[in-house]
Amino acid sequence: MGQDQTKQQIEKGLQLYQSNQTEKALHVWMKVLEKSADLVGRFRVLGCLVTAHSEMGRYKEMLKFAVVQIDTARELEDADFLLESYLNLARSNEKLCEFHKTISYCKTCVGLPGTRAGAQLGGQVSLSMGNAFLGLSLFQKALESFEKALRYAHNNDDAMLECRVCCSLGSFYAQVKDYEKALFFPCKAAELVSDYGKGWSLKYRAMSQYHMAVAYRLLGHLGSAMECCEESMKIALQHGDRPLQALCLLCFADIHRSRGDLELSQLKLHCLSESIYRSKGLQRELRAHVVRFHECVEETELYCGLCGESIGERNSRLQALPCSHIFHLRGLLACGQGAARVSVGYARAQLA
């Protein structure tokens, strides 16, 4: 496979990946690795595989391709490629929570001789190092690294990097319990996506919405937290971003726990897990969550007294009557009895 054909196949894989045909994209890229003798093309396709496996949560595979990419960079004897491959190796270890290794590889990046990509990737190296320091609870070093990454972003007009740094700063301030700043920075990230992100991957919007959800929950703004988390989960499901799906599930559980509706949190988790496994075609896991969902419904007796449907399977407004029965609001209104029977003073619940 020659250089032109390699480029075409890499581009084909990217188009498939961007249209959410992930497995087909991986198949195309793996064929390039098998057949192409073009080292530069192989290096690029390895970078695509690293990114794809990162977003799928397959971190051991991500690490494997990052190691192969380093070997390819050494064959090319190109400092720019070597810097990029060491950064991917640092990120892989960051995802695997090997934070000491992440910091070591980031320091290797910093110690490489001057490269053309240094100005572009330097901020990403600082960001990865900051995430590792945060994972180790070394807060001062984490903040210094994030601020350095932010300077890189501003100096190079790199709005995408700034967006990622703002999300990491949101996590930082959530951990140190400065919840106002934990909300400010993800909101800034969302603003960057709105202003500059027309051509960006939707993962940037999903990421900012998730961090906003976390901050809103910590501040006690549970309605806003639920809205942001639902938006993030919707995008994560569309794009097969399993790590973000897992984070959103945890956030949903935290929101319901903060509301005190622990039974509903179980229902929500089983319902969302069912959607995830259905999209992946994993029938055994899908059946397990369907069965558990209905068991939870029976245990909690969460049925609408009008339509008979289970409560918690989908987002619905509810009404609690003085007799302690709970109904779907749409059912009451459809019967034309809602306004007469339910006063404003009665308890209202919003199931999200």
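The values are calculated or read from the model by the stated rules, or taken from the named source; none is laboratory data. Just so we're clear, the structure is a prediction, and the values are computed from it rather than from any experiment. Note that we place each Cβ from the backbone using ideal geometry, even for glycine, and neighbour counts take in every protein chain shown. Ligands, DNA and RNA are stripped out before the accessible areas are found, and what is left, the full protein with its side chains, is counted by its heavy atoms. Shrake-Rupley method; radii C 1.70, N 1.55, O 1.52, S 1.80 Å.
For Tyr210, the requirement of being in contact (Cβ under 8 Å) with a residue 40 or more places away in the chain and either open to solvent by 50 Å² or more (accessible area, probe 1.4 Å) or touching a helix residue (DSSP H, G or I) at 6+ places or on another chain (Cβ under 6 Å) (or both) is met. Against the test of being farther than 25 Å from Ala236 by Cα and either part of a helix (DSSP H, G or I) or open to solvent by 10 Å² or more (accessible area, probe 1.4 Å) (or both), the options Ala52, Ala142, Ala132 yield a single qualifying residue, Ala142. If only residues of the range 218-263 that are among the charged types (D, E, K, R) and open to solvent by less than 50 Å² (accessible area, probe 1.4 Å) are counted, the one that is nearest to the chain's Cα centre (by Cα) is Asp241.
Residue check: is Lys12 open to solvent by 80 Å² or more (accessible area, probe 1.4 Å) and touching a Gly at 6+ places or on another chain (Cβ under 9 Å)? So Lys12 does not fit the description; no. Residues in the range 30-42 that are part of a helix (DSSP H, G or I) and either closer than 16 Å to Ser92 by Cα or open to solvent by 20 Å² or more (accessible area, probe 1.4 Å) (or both): Met30, Lys31, Leu33, Glu34, Lys35, Leu39, Val40, Arg42. On the basis of being under 27 Å from Arg164 (Cα atoms) and free of Cβ contacts under 8 Å to residues at least 24 places away in the same chain, does Phe65 make the cut? In short, yes.
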